[in-house]
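Notes follow the structure.
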Amino acid sequence: MRLAVLADVHGNLEAFRACLDHARARGAERIILLGDLVGYGADPDAVVDTAMAEVAGGAVALLGNHDEAAIGTAGTGMNDLAALAIVWTRRRLSDAHRRFLTDLPLTHEQDGRLFVHADASAPGRWHYVQNAEAARRSIAATAAQATICGHVHRPALYSLGENDKMNAFAPVSGAAVPLARGRRWLAVMGAVGQPRDGNPAACYGMLDTARCDIAWQRVPYDIDAAASKIRAAGLPAGLADRLFLGR
Amino acid sequence: MPLTERIIDGFKVGEVLHEGGMALLHRASRPDDPTPLLMKVPRMRPGEDPAAIVSFQMEQMIMPRLAGPHVPRFVAMAGFEASPYIVMERIEGPALSERLRDVPLPVDDVAAIGAAVADALDDLHRQHVVHLDVKPANILFRPDGTAVLVDFGLAHHDQLPDLMAEEFRLPYGSTPYMAPEQLLGVRHDPRSDLFALGALLYQLATGETPFGEPQHLKGAKRRLWRDPTPPRRRREAIPPWLQEVILRCLEVSPDRRHPTAAQLAFDLRHPDQIALTARAERRRRDDIVTALRRRLQPEPLAPRRVGAAGRIAAAPILAVAIDLSQTTDELAGVLRNQVQKMLGSRPGARLACLHVLRQTAAAAGDQALRNRHVQRLVELRHWAAPLHLAEGRVTFHVLEAPDAAEAILDYARANRVDHLVMGARENSLSRRLLGSVAGQVAAEAPCSVTVVRRRRVG
């Protein structure tokens, strides 16, 4: 089965739709939304509507830290830009949206693979997995042969061999990497809605469970439209500008 | 527990054909499948080198991604939850190591073997893989002479995690053939395989390995500063062009080697067109003071990371086919402009200029034909002169054949041409009568084809 894994949509409807279309055209049979549907982007309501429709059709959606913040009322503990966007986002969500987000689980397991928004050793604490040591901590905390997470907004692949050595790899877009048995893997998806690896194209992962490999896909989308909406909404202009840079 | 005579996943496991440091190779077969098969099983007992497992995992990742005549066909594999194995096509043909009994080999054999192995490396590099363990035992030949590379346990794939690089501090490989940068831990440069092939050609041509058989890393690292004895000093019969090729492969800096395996194969197939440098005439090693100076002030060896396939894209073989009898000066100029643009910013690119002299078998050996042959060569050189290409970057070939399109296509296939440029015949009557050479070439070529035509008015 081919699973499309989409992380960090962040209210970017154009990027979200482009990735869903791209994945379906390439035979994705199941969609897994890895959290952070909202925050930063100008279309949190339309993105959550789309996610709800996907879930009704069999997709799996997980909770991210921005989703959690958007349904809360307390301070977010986030940086100013993110917090500002969350306050704006809260006003855009309906009760139905809030109920949907409230019910999202932190993790999903399927055939020995663990899906989670951030570090799997403490899924609700939202630690970033952005180096080999953090990856080792996440891998050590679970029994999964492969963990798939997001949150970092930069694609990465880590693996742990039998001799206890960690390997870190920067995936090449479009090139499938086998998640070979005999090792344990942690794959960090890039972001659909706000890539930060210098490549502005939306990023998602395609996991082929029969071949047991994963490929990071890059999808061009209408950045102009997404950015104009952010500006028109009165959100900080930096949130629009960064989409063009992938930073 | 011995596997022989067991049935694993439908494969009947036969006797051990080879016992390597990291794995055993069994004969294998499958009912109703006449293909000769080989089952590779890693050494996994406690106390074995942990590199054996990692190397096997690497091979399991790489082999299913390879295709073509220059690698064994991948059949099946199983992971580490049960007994791990890889089943692949068994290449019956002799290994190059068997030829080591006969060294030194005749010069023509050395060049032919070198070109065949370079073809195989070119194919592998295009598939993003640097072999990193090119040695006689890892090169087999199919009955038609096609070279097959085996054992990808030390290889680097530029789109996959490199498990060997990160997990083992010491470089793995075969010290007589290992490239200097590989000894320093660089694993992504396809030109490391050209160095190994150079060491191999040196051995085939002289009977000796260029750097001996060092048992330790320290001894192997001498090649970073100590140049090998020139092949012609060891064996008088080696022609200057072969020494040129071998010593170019053995350059310490990858940037001074051939830019791609395809270009090395090209040189080995056209010895008369090789630009000879001081390497060709070298009669002795550098004096010890020069060598020690290199040791104390080594040249930095930090090749840029562009990936195996990227290096080929940066150093393509272009061929331009010009029918000078049919080409107006104006079209010749347009063709030259086009070629100049394509060579443009790629200093590693080289250009082969072709002319097809139509002839039938009966005319062969005719003095008039020889004169025409020479005249066409002169005209090709004249055409290319304004490009100001250094010797060695441009070669000239007059092909004698009855059919121009077939001759150009054969040339492109045999020489692994990346891009063909040709002019469209301007005279519409002759095109109608003779058919379009460019059209046939564009339809059947194994590479990109650019057909250049002057813009017509009206």
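The values are calculated or read from the model by the stated rules, or taken from the named source; none is laboratory data. All figures in this text were calculated on a predicted structure; none of them were measured in a lab. With ideal geometry, Cβ positions are generated from the backbone for all residues, glycine too; neighbour counts draw on all protein chains shown. In case anyone asks, the SASA skips ligands and DNA or RNA and just uses the protein heavy atoms, side chains included. Shrake-Rupley method; radii C 1.70, N 1.55, O 1.52, S 1.80 Å.
Below is a table of values for the structure above.
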{"item": "Of the criteria (1) farther than 17 Å from A:Leu84 by Cα; (2) over 14 Å from the mean Cα position of the chain (by Cα), which one A:Ile32 fails", "result": "(2)"}
{"item": "Criterion violated by B:Glu166 - all others in (1) within 17 Å of B:Leu96 (Cβ to Cβ); (2) of a type in the set (D, E, K, R); (3) touching a strand residue (DSSP E or B) at 6+ places or on another chain (Cβ under 7 Å) satisfied", "result": "(1)"}
{"item": "Qualifying position, being surrounded by 18 or more Cβ atoms within 10 Å (Cβ to Cβ), part of a helix (DSSP H, G or I) and in contact with a Lys or Arg (Cβ under 6 Å, 6 or more places away or on another chain), among B:Leu331, B:Leu409", "result": "B:Leu331"}
{"item": "Failed item in (1) closer than 21 Å to B:Leu197 by Cα; (2) more than 14 Å from chain A (Cβ to nearest Cβ), with B:Phe11 passing the rest", "result": "(1)"}
{"item": "Residue list for region B:9-26, filter: modelled with pLDDT under 90 and among the aliphatic types (A, V, I, L, M)", "result": "B:Met22, B:Ala23"}
{"item": "Residue check for B:Asp255: surrounded by fewer than 21 Cβ atoms within 10 Å (Cβ to Cβ), over 14 Å from B:Arg393 (Cα atoms) and not basic (Lys, Arg)", "result": "yes"}
{"item": "Residue that is farthest from B:Gly93 (Cα to Cα) [pool: residues in region B:3-45 that are open to solvent by 90 Å² or more (accessible area, probe 1.4 Å) and under 32 Å from the mean Cα position of the chain (by Cα)]", "result": "B:Glu19"}
{"item": "Residue within region A:164-185 that is touching a helix residue (DSSP H, G or I) at 6+ places or on another chain (Cβ under 9 Å), under 23 Å from B:Ala51 (Cα atoms) and touching a residue at least 40 places away in the same chain (Cβ under 8 Å) present", "result": "yes"}
{"item": "Helices (runs of 4 or more DSSP H) enclosed by region B:140-230 - at least 1 residues per element that are surrounded by fewer than 22 Cβ atoms within 10 Å (Cβ to Cβ) and within 14 Å of another protein chain (Cβ to nearest Cβ)", "result": "B:163-167"}
{"item": "Subset tally (residues that are outside any helix (DSSP H, G or I) and surrounded by 16 or more Cβ atoms within 10 Å (Cβ to Cβ)) for region B:289-311", "result": "3"}
{"item": "First in region B:245-259 and within 18 Å of B:Lys221 (Cβ to Cβ), second anywhere and crowded, with 22+ Cβ neighbours inside 10 Å and among the polar types (S, T, N, Q), Cβ under 9 Å, 6 or more apart", "result": "B:Pro254/B:Ser192"}
{"item": "Test: residue in region B:291-312 that is touching a residue at least 60 places away in the same chain (Cβ under 8 Å), among the charged types (D, E, K, R) and under 15 Å from B:Pro347 (Cβ atoms)", "result": "yes"}
{"item": "Residue within region A:23-36 that is farther than 24 Å from A:Glu109 by Cα and assigned to a loop (DSSP other than H, G, I, E, B) present", "result": "no"}
{"item": "Test: residue in region B:93-100 that is of a type in the set (Asp, Glu) and open to solvent by less than 60 Å² (accessible area, probe 1.4 Å)", "result": "no"}
